[in-house]
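Heads up: the structure comes next, in structure tokens.
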């Protein structure tokens, strides 16, 4: 017997259970929304860069300029720089 809960009535217990159910459902919906937004951003980035043909060498200054350029002026050097670095490390799944 938990003595702290001895004075809790059925109505209070019902509202507590409902509060926790609503809270958990809200958290599930929020997490689902965040995951779906991130998935959409990943798909959008992949679609934008899927047609890019990367040169074998991209220097870090060109990648840095591409990273800080506006979205309209980017040419994919940053993506190619990172992809080449991963390829050199033996990670070629991208």
The number of residues in the stretch 52-89 that are in contact with a helix residue (DSSP H, G or I) (Cβ under 8 Å, 6 or more places away or on another chain), within 20 Å of residue 42 (Cα to Cα) and part of a helix (DSSP H, G or I) is 9
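Could you check, for the stretch 33-52, whether at least one of its residues is more than 23 Å from the chain's Cα centre (by Cα) and modelled with pLDDT of 80 or more?
Within the stretch 33-52 (the criterion being more than 23 Å from the chain's Cα centre (by Cα) and modelled with pLDDT of 80 or more), the answer is no, since none of the residues qualifies.
The values are calculated or read from the model by the stated rules, or taken from the named source; none is laboratory data. Here the structure is a predicted model, which means the values were calculated and not measured. Neighbour counts are summed over all protein chains in view; Cβ atoms, including those assigned to glycine, are modelled from backbone coordinates with ideal geometry.
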